[in-house]
Each structure stands twice: as structure tokens, then as C-alpha cells.
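Participant: Mind looking over this structure? Questions follow.
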Amino acid sequence: MRSMILGMLAETPIHSGAGRSEGFIDLPVAREAITNYPVILGSSLKGSLRDLARDKGCDDIFGEEKKAGDLLISDAKLLLLPVRSLTTQYKWATCPHIIERLDRDLKLCNYSEELNYSALSIKNGEVVGPGDSKLFLEEREFDGKGEVPIEIIGIIKSLIFHERTRSRLKDQLVVMHDDDFRWFASYGLPVNARNKLDENKKSENLWYEESLAPDTLLYAMLFEKKDGTLSQIKSLFDSRSYLQLGGNETVGMGWFAVKTIMEEANGRK
């Protein structure tokens, strides 16, 4: 069973909703139940891929009401979260748990690269990243503790579509403690107020909506049950490597730049 990894870099704000309200946020993003990390469910990703395939005339690979499709699709998992910095340009934040999970998923997809975790033994309030000075992210202070291993940077680079964006990764990537990252993933996402006006231009309905910020990086795994299925998926992005997913399409939200990494017949990417 061949596999493919989709690297998905948000070009615009992304709202893949949870369908339920939590606290003052009327429309939160979908989250994993245990980790509370933002996630795009496989069913949402499948629907967007199917719409794209329908435009290209190859949506039969997704099956029909009474017939299963030839494609297995995972959730799109969080890999890098853009976080505001008070002293530098924004940073891309991740944590050892997410890198470990990426490593396991790469092995599941027959990707043989070994990742070095030895430099990621950090405590709360510490980050691994460029420089050894203090770093201020949002209102929190962190101490620099060495650099991110080059092989981890290389793997993440392979999931980013734009070459110029890849070139910024080394200077902007920070790895923080799992607990610190969970705080940013839980409370650091953009929340926007949106308003519906009546015919007299008075507020009729005010609501608060959570979204993933542009430059958030996620990844998903795809597996084929029938030879040639993943080749058809790859062809969807040959001429235009973009995918629209989630709500608020008419106001410009939901666009990802997609990078495909496909397992070849010899088991290599």
C-alpha cells in the first residue's frame, strides 16, 4: 500500500470549525480531544480533495454512497504554529511531542529518515532555536538552549511548498517544552469578531470566530488501496498547488499551499 504525505501551509486564515461553542468563542476551530491541538479532520480534508478531483473529472477514486473509495485519508495534524515575538519577526513554534509524532507518521509512510532527539531535552521556559539569548513570545519569556538539529529542519522543509519560505525556517523555528506549546496552541490562535448587519446597517448578530493564522503548517497522510490512486491525487496539484478547505471561502479564507511527498515503488520518497 503506497503512501503520500501532504504538507499544508496556510496562505490565509483557516477556519475548520468544531461545530460547538466553548466559552466566549462562538465558532472555535476543531481540536484533538486529548492534546487540544488544532486539527483538520480527515472528513473535511477528504471533502475538499473530492471537490478538487471533481473539477478535474477524477472524483471516482473517492467512491460512492454504496461503494468505498480507493483512498485512505488521515486528519491533518499540526506541525508548526506561528507565534508573535516581541523582539524579532514571528517564530514558528513546535514541541518534542509533535516532532516525535511526525517521526512515527513518517515511519508509517515508509520514510526512513532518522530524527535526532538528543538536543530537544528542554524544560518549561526554554526553547531550542537560533541564538542563545532570551526570547519573548507573546507575553512570555524563554531562554535559548542551543540549535534545532539540522535533520529536523530538513524534514520540515520538505513539507513546505515555497522555496523562499523554506529558506526562512532555520532562523524562525523554535522547539519549546510540550506544556508551553500546549498553552500557545490552546490560547494563542487569532480570534476575530464578525458582525451581521440588518438592512438599516445596525448589528443583527455579533459573533467571535477562531482561526488558524497564515503560515501555520500541517501535514496529512494518504494511502491508496488501488494502484494509481495516489498518482491521480498528485496530478491534482501539478499545475496549481493550492487547496481550499474550511469555512468562509467567500471572504478569502481557507487556502493552503500543498507540497506532496509520495512513496515510490522502491519504497523511497
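The values are calculated or read from the model by the stated rules, or taken from the named source; none is laboratory data. Just so it is clear, the structure is predicted and the values come from calculations on it, not from any experiment. Cβ atoms come from the backbone with ideal geometry, glycine included; neighbour counts cover every protein chain shown.
Participant: Picking from 174, 148, which residue would you name as being in a strand (DSSP E or B) and either surrounded by 15 or more Cβ atoms within 10 Å (Cβ to Cβ) or in contact with a helix residue (DSSP H, G or I) (Cβ under 8 Å, 6 or more places away or on another chain) (or both)? Quick ask: steps written out before the conclusion?
Facilitator: On the way: 148 fails: in a strand (DSSP E or B).
Just one listed residue meets the conditions, 174.
Participant: Can you tell me which residues in segment 12-44 are touching a residue at least 60 places away in the same chain (Cβ under 8 Å), surrounded by fewer than 18 Cβ atoms within 10 Å (Cβ to Cβ), touching an Asp or Glu at 6+ places or on another chain (Cβ under 9 Å) and closer than 24 Å to residue 156 by Cα?
Facilitator: Of everything in segment 12-44, just one residue is touching a residue at least 60 places away in the same chain (Cβ under 8 Å), surrounded by fewer than 18 Cβ atoms within 10 Å (Cβ to Cβ), touching an Asp or Glu at 6+ places or on another chain (Cβ under 9 Å) and closer than 24 Å to residue 156 by Cα, namely 42.
Participant: Does residue 125 satisfy the criteria of being more than 21 Å from the chain's Cα centre (by Cα) and free of Cβ contacts under 8 Å to residues at least 12 places away in the same chain?
Facilitator: Working: more than 21 Å from the chain's Cα centre (by Cα): yes; free of Cβ contacts under 8 Å to residues at least 12 places away in the same chain: no.
Judged against the criteria, residue 125 is not a match.
Participant: From the list 240, 164, pick out the single residue that is modelled with pLDDT of 95 or more, surrounded by fewer than 16 Cβ atoms within 10 Å (Cβ to Cβ) and either in contact with a strand residue (DSSP E or B) (Cβ under 8 Å, 6 or more places away or on another chain) or not β-branched (Val, Ile, Thr) (or both). Don't jump to the end; show me each part of the working.
Facilitator: On the way: 240 fails: modelled with pLDDT of 95 or more.
Matching residue, one of 240, 164: 164.
Participant: So the check is Cβ under 8 Å with 6+ separation or different chains; which pairs have a first residue in segment 72-100 that's touching a residue at least 60 places away in the same chain (Cβ under 8 Å) and of a type in the set (Asp, Glu) and a second one that's buried (at least 16 other Cβ atoms within 10 Å of the Cβ) and not in a loop (DSSP other than H, G, I, E, B)?
Facilitator: 75/39; 75/40; 75/42; 75/45; 75/220
Participant: Let me ask another. Would you be able to tell me the number of residues in segment 243-258 that are over 20 Å from residue 50 (Cβ atoms) and modelled with pLDDT of 90 or more?
Facilitator: So the answer is 0.
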